[in-house]
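The values are calculated or read from the model by the stated rules, or taken from the named source; none is laboratory data. Remember, predicted model here, so these are calculated numbers, not experimental data. A quick note on method: Cβ atoms are made from the backbone with ideal geometry, for glycine too, and the neighbour counts reach across all protein chains shown.
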Amino acid sequence: MLTLILYYLVIPFLLSGAVLKLIKKYGKVAPDPALASLYSKEPLAKKWFRAARRDSHGTSLLGDSETHGEAVDRIYAARGRAQVLGEKAAFVVLNDKAEILEEVNS
């Protein structure tokens, strides 16, 4: 019975924990330089979200929001305006570490 518990519960949890540590150590992705420049100009408060637009003209800030939902609403509103005008752009929601949480294209 003890062998079965070790074989089916303990060993898989230990192996998955080791895999997660390796992923965290070697799987870091550097933020896009264009998006990182938005943070160098204006730092973002912790637990806030930033909406940005990326197109052929560069990256522009759409605004900062306290909740993720508000930032998503901003990018979808900007996407709607871009589709009406026939422009091609990508709209992203970023967290306070400049990581992309959501992205939509027009």
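Tabulated values for the structure
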quantity	calculated
Candidates Ala71, Ala36, Ala51, filtered to the one that is surrounded by 11 or more Cβ atoms within 10 Å (Cβ to Cβ), within 15 Å of the chain's Cα centre (by Cα) and at pLDDT below 85	Ala36
Pro31 at pLDDT below 90 and surrounded by 15 or more Cβ atoms within 10 Å (Cβ to Cβ)	yes
Residues being small (Gly, Ala, Ser) and surrounded by fewer than 18 Cβ atoms within 10 Å (Cβ to Cβ) - total across segment 83-95	2
Odd one out for Leu101 among (1) farther than 15 Å from Pro31 by Cα; (2) among the aliphatic types (A, V, I, L, M); (3) modelled with pLDDT of 90 or more	(1)
Hits in segment 48-77 (condition: small (Gly, Ala, Ser), in contact with a helix residue (DSSP H, G or I) (Cβ under 8 Å, 6 or more places away or on another chain) and closer than 20 Å to Pro33 by Cβ)	Ala51, Ala52, Gly58
Test result for Ser65, exposed (fewer than 15 other Cβ atoms within 10 Å of the Cβ), assigned by TED's automatic domain parsing to the domain that holds Ala90, under 25 Å from Lys88 (Cβ atoms) and among the hydroxyl-bearing types (Ser, Thr, Tyr)	no
Number of positions in segment 78-102 that are in contact with a strand residue (DSSP E or B) (Cβ under 9 Å, 6 or more places away or on another chain) and closer than 13 Å to Leu35 by Cα	10
Count - residues of segment 16-28 that are modelled with pLDDT of 80 or more and under 14 Å from the mean Cα position of the chain (by Cα)	0
Residues of segment 69-87 classified as closer than 19 Å to Asn105 by Cβ and either in contact (Cβ under 8 Å) with a residue 12 or more places away in the chain or hydrophobic (A, V, I, L, M, F, W, C) (or both), total	13
